[in-house]
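The next block holds one structure in the form of structure tokens; read it before the comments.
Any read-out appearing in this document is the output of simple, stated calculations on the displayed coordinates, not a laboratory observation. Keep in mind that what you see is a predicted model, and the values were worked out from it rather than measured. Here the Cβ positions follow ideal geometry from the backbone for every residue, glycine too, while neighbour counts run over all protein chains shown.
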Amino acid sequence: MATVHVIDDDQGIRLLVRDVLRDAGFEVATSATVHEAIAAIEDSEPDLLVLDLSLPDSDLLQRVVDTAADSCVLVLSGSVKLEERAADLGADASLAKPFDLDDLLRVVTRLVEDRHLHRGTGPAA
């Protein structure tokens, strides 16, 4: 089963993304802050990070990405500079808020499947 870690300080978005991905068969963990995420990821690196660029401690986002160096990264943001900031982090994909849930699921599935193909591991969700 593919694993996803959702990092967003907005509880509504965090739980919505978690529920949509769990319903699709993914194993999902969540964090509200970068500090929480780093601690969790050090214990178990996910297949995919879904992270918000507008976290209060967003200056540490690069640490999350570096900690989960083998994970794919999907950036979510309402920022007009989304593409630029996502590229700076080395993100594999980005979605602008508000996003369509079908688009979210499609991007997450593609990223996880691509990761498994490149690593030669089992099927995604």
Would you kindly derive the ³J(HN,Hα) couplings of region 18-23 from the backbone phi angles with the Karplus curve 6.51 cos²θ - 1.76 cosθ + 1.60 (θ = phi - 60°), listing them in order in whole Hz, with x for Gly and Pro?
4, 5, 4, 6, 5, 4
Among Ile38, Leu105, Ala86 - extreme Cα towards positive end, dipole of the chain, charges at beta-carbon:
Leu105
³J(HN,Hα), Karplus 6.51/-1.76/1.60, whole Hz, each residue of region 32-47, x for Gly, Pro
9, 9, 5, 4, 4, 5, 4, 4, 5, 5, 4, 7, 7, 6, x, 5
